[in-house]
Amino acid sequence: MDLHFGDSKPTDEEREAVDALLGPPGSAWETAFGDSTVRSDADLRWARGGRAARERRDLLLPGLHAVNDRVGWISEGALDYLCRRLTVPPAEAYGVATFYSMFSVKPRPATVLHVCTDVACAAKGSAELCAGVEGRLGLGSGVSVERSPCLGLCERAPAALVVRAGSPAAGLGDPPPDSRSSHAGEAEKAHATAVVAPATPEAAVLAASAPETAEPEPPASLAVPQAGQPGLTLLRRIGVVDPASLDDYRSHGGYSALRRAFELGPAGVIREVTDAGLVGRGGAAFPTGVKWKATASQPDRPHYLVCNADESEPGTFKDRVLMEGDPYSLIEAMTIAGYAVGAHKGYLYLRGEYPRALRLLGNAIEQARARGLLGDDVLGQGYAFDIEIRRGAGAYICGEETALFNSIEGYRGEPRSKPPFPVEKGLFGKPTAENNVETLVNVLPILTMGAEAYAAIGTEKSTGPKLFCVSGSVERPGIYELPFGATLGELLGLAGKPGNLRAVLLGGAAGGFVRADEMDIPLTFEGTRAAGTTLGSGVVLAIDDTVPLPRILLRIAEFFRDESCGQCVPCRVGTVRQEEALHRIAERTGAAAAGDIALLREVGRAMRDASICGLGQTAWNAVESAIDRLGAYE
Amino acid sequence: MTAIPLGVPRRLVEFTLDGQEARVPEGSTILDACRAAGKDIPTLCQGDTLTPKNACRVCVVEVEGARTLAPACSRKAEAGMEVRTDTERARHSRKVVLELLASSVNLSTTPRAAEWIKEYEAKPDRFGPDAARVDEEPRVDNDLYVRDYDKCILCYKCVDACGDQWQNTFAISVVGRGFDARIAVEHDAPLTDSACVYCGNCVEVCPTGALSFKSEFDMRAAGTWNEAEQTETTTVCAYCGVGCNLTLHVQDNEIVKVTSPHDNPVTHGNLCIKGRFGYQHVQNRD
């Protein structure tokens, strides 16, 4: 291809940021600023780049992050420079950069304060938080305030996230608080992030002005009200182990599952997982053993393992708590999954809004690599496996399995049409097993306790323990672990059910509402299905009668409109029409709303039937359930 | 003489189409099968020279056992499949999709759109006068072609034609997302500052008139565009020795635009800037 570039040049800072990721340019052709004096004699004989550079297209997203982290936005010069280095057409890279909400292609202040305005935070006063923050941070404050979809901090709502661009800190992500330099001058501020939750306007503004000295986050165990209790399986190490220490993880039973996996062999592992009846916990509930077996048996090589840690469903934060409280368990589980499906490379696709998980997982991978638990010869068993973290940049759709592949590969995070399915043609067009964090972590107890004992937990069709993300109007929000089959009432009993409960949103924005008198719904895949609802990703968001329901429905509609990738018509336009209709009937009931409700039903049905992927197919679920089960506009 | 491309012989797949036995070569799509059986399935984003993107969702059909509807343009026929093309469910989705499209963009120059809207009894007005529209002014920034995104349905055909499927220029891409997604060149610059090489192959594949020849755009604005009065003559391009076919569209003895036959086995409707736009010398009468 004959690429065309404009005259825009990168600043030194932008160039440094890209070169730090890609290494110095191999020849002057890669930079090609039209300055012939820079070219050496060798450059005039041949050019490197071309196909070799193009094969690194998957570094486009990390490259955009590098510039955005350093400068705060992505200029024409920076984007063109990155494109020259990777031989990516600038139009395509521009399409990618404008796809993600955490990137900006227009100048903006170096510090961005993301204030979560999603369902759980909205119910806890994010509107007041936004107003308070904007009142204090006017123009010229050097901080850009952006309203954000769910930050995954629902148990500590309302939440805010500060991202300040600056020169890179040593190592992956941010340095631990104690080593943060306080002497960095105004001129070269270090890249820093801070999470503020629960946030007050004062605390958010303070963190935005000095993220490096912001109050440290409470430990992940505070998100687990059951932490330390006996009988826990998936959460047993949360609050017990030091998430930064590999030794501590091993002294609490870590890596015994991987040893067992090597004893069983790949086929044996798949048999155990199949016999255990494990199904995906990300929302789709697909049998994991079937997926692994199908991937393992593909003749095409290489195989890939992808861990979907793009937890962006409003109300969902279990994967964050697992990754922050017990990061090595995910690394171990990914190693086992990779071994089972015959992959030597695993990608951990982590949403961009989780700085602490990024830091802890980065550390865990480094430590595991240093100790021979990742690398060319895992545990001396002759099996090579390594994990690479890929950071998302603010796009709910990238949690869709095929959109995630496109995102890693450096394309717009648009879903692909299926078939072909990922087990056949997934990441880089190769057989790929993609699993959610919670699903993978379940593999550890399956191997340590055996398939039979594991399958004895829960019900016949929904086996094992399940994590629930309880938030909203409850006394003790957080992650709860219960065996499948416990009822909604039992779960809310643990979390402190409010006396004035109006409804529960099950399964997140893509799930559905149930009434306060439906507390005996069993929390299993088959039980929720029989009750005409869904377990989805395990969201249990309690809404009391003080929360205006139409406002919540509008927020859900706004979320889908905002997060639609725009590829197919039913979703791109349908989500807009859905939001418009809800605006029209926001304050209306009965006959005055009937026409628009009929319209919503017709559009919703077409979105569910004709959209390419799950986002459009589920965008009408919650609103429909609020109308039918709660009588939202009667 | 027409060249007949001879493909590798393919096995036949047997399946049921609206209750009738259907046999199509392996690899055929449901849409291919429908067309072979004389069924008229509406479609906007499907292009005869491009890999289907299945973005418009107008061609959805019901496949027995599937949770959702399937796009006929890209779903391959499989042995034993039971496909129904004209069910209430499929018709409902087509109707709503046509309503969603027609309420958000201008379909006045989209062939057959009005006919389908009538057939499916779509009522694009029912979303009310305040329904969000794309609402953009035509971008006239060069003398060869005009981009009128008010008519764009985001079918991705221009992106695919400019990219790895034909031209390999990669000058255009989809940018932004959701309802704000648009077709644009790098940095959303004017066309003249972009990588565009003015081959016009994007105009050739555009199904809605969102991309049109400047000549056609001006004549439409002046009210002088009259397709009924145009004659089409297919000839061979005289610029180089490749021998691409040109179809000259002539109105009032003036060439008003140049297209290229898609069934040409060499060019499949693609041309370069000279063949597509370099015709002024023919009608320079001074």
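The values are calculated or read from the model by the stated rules, or taken from the named source; none is laboratory data. Only a predicted model underlies this, so the values are computations on that prediction, with no experimental measurement involved. Using ideal geometry, Cβ is built from the backbone for each residue, glycine included, and neighbour counts are taken over all protein chains shown. To get the accessible areas, we keep the full protein, side chains included, count just its heavy atoms, and leave off ligands, DNA and RNA. Shrake-Rupley method; radii C 1.70, N 1.55, O 1.52, S 1.80 Å.
Just a few scattered comments:
- For A:GLU146, distant residues with modelled amide H under 5 Å away: A:LEU113, A:HIS114, A:VAL115
- Annotation: amide H-H contacts under 5 Å for B:VAL13 (H modelled 1.01 Å from N, sequence separation of 5 or more, or interchain): B:VAL24, B:GLU26.
- Sorting A:GLU401, A:GLU76 on solvent-accessible area from highest to lowest, probe radius 1.4 Å, gives A:GLU76, A:GLU401.
- In Å², nearest 10: area of A:ASP19 left accessible to a 1.4 Å probe: 40 Å²
- Average Cα contact separation per residue, chain B, under 8 Å, 6 or more apart, as relative contact order %: 13 percent
- Rounded accessible area of A:ILE397 (nearest 10 Å², 1.4 Å probe): 0 Å²
- Considering only alpha-carbon pairs that sit under 8 angstrom and 6 or more positions apart, the relative contact order computed for chain A is 12 percent.
- Square roots of 5 times each gyration tensor eigenvalue, C-alpha, the protein assembly as shown, largest first, Å: 46, 34, 29
- The charge dipole of chain B, taken about its Cα centre with unit charges on the Cβ atoms of Lys, Arg (+1), Asp and Glu (-1) only, comes to about 600 debye.
- Looking at region A:320-468, the DSSP beta bridges with both ends there are about 25 percent antiparallel.
- Selection from B:THR29, A:ALA257, A:ALA214, by position along the positive dipole direction of the protein assembly as shown (Cβ): A:ALA257
- By definition, a body whose alpha carbon gyration tensor gives a ≥ b ≥ c is rounded when a/c is under 1.5, and region B:189-286 falls into this rounded group.
- Per principal axis, descending, Cα span of region A:300-341 in whole Å: 38, 21, 10
- Debye log10 I(q)/I(0) for region A:475-634, one point scatterer per Cα, at q = 0.13, 0.14 Å⁻¹: -0.61, -0.70
- Rounded to whole Hz, the Karplus (6.51, -1.76, 1.60) HN-Hα couplings of region A:523-529, x for glycine and proline: 7, 9, 4, 6, x, 5, 5
- Amide H to amide H distances under 5 Å link A:ASN436 with A:ARG281, A:GLY282, A:ASN308, where only residues 5 or more positions off or on other chains count and H is placed in the peptide plane.
- Antiparallel bridge percentage (DSSP; both residues within chain A; nearest 5): 50 percent
- For region A:9-158: relative contact order, % (alpha-carbon pairs under 8 angstrom, 6 or more apart): 22 percent
- Region A:471-538: trypsin sites (Lys or Arg not before Pro) in DSSP coil with no more than 14 other Cβ atoms inside 10 Å: none
- Kirkwood hydrodynamic radius over Cα pairs of region A:319-374, then Stokes diffusion coefficient at 10 °C and 1.306 mPa s, in µm²/s: 136 µm²/s
- Region A:511-576 has equivalent-ellipsoid semi-axes of 26, 17, 9 Å, by the square roots of 5 times the alpha carbon gyration tensor eigenvalues, sorted largest first.
- Here's the list of lysines a cross-link from B:LYS257 could span, going by alpha-carbon distance under 29 Å and ignoring same-chain residues fewer than 8 apart: B:LYS53, B:LYS151, B:LYS157, B:LYS214, B:LYS274.
- 3J(HN,Hα) along region A:417-427: 8, 10, x, x, 8, x, 4, 9, 10, x, 4 Hz, from the Karplus curve 6.51 cos²θ - 1.76 cosθ + 1.60 with θ = phi - 60°, whole Hz, x for Gly and Pro.
- Inter-part distance, region A:515-552 to region B:229-286, computed on C-alpha centroids, equals 63 Å.
- Phi angles of region A:316-321 translate, via the Karplus equation with coefficients 6.51, -1.76, 1.60 and θ = phi - 60°, into HN-Hα couplings of 9, 8, 5, 5, 4, 5 Hz per residue; Gly and Pro are given as x.
- Region A:279-421 shape via C-alpha gyration tensor axes, a/c threshold 1.5: oblate
- Radius of gyration, Dmax [chain B; alpha carbons; angstrom]: 20.4, 68
- Net charge, B:LYS257 excluded, C-beta distance under 13 Å - Lys, Arg +1, Asp, Glu -1: -3
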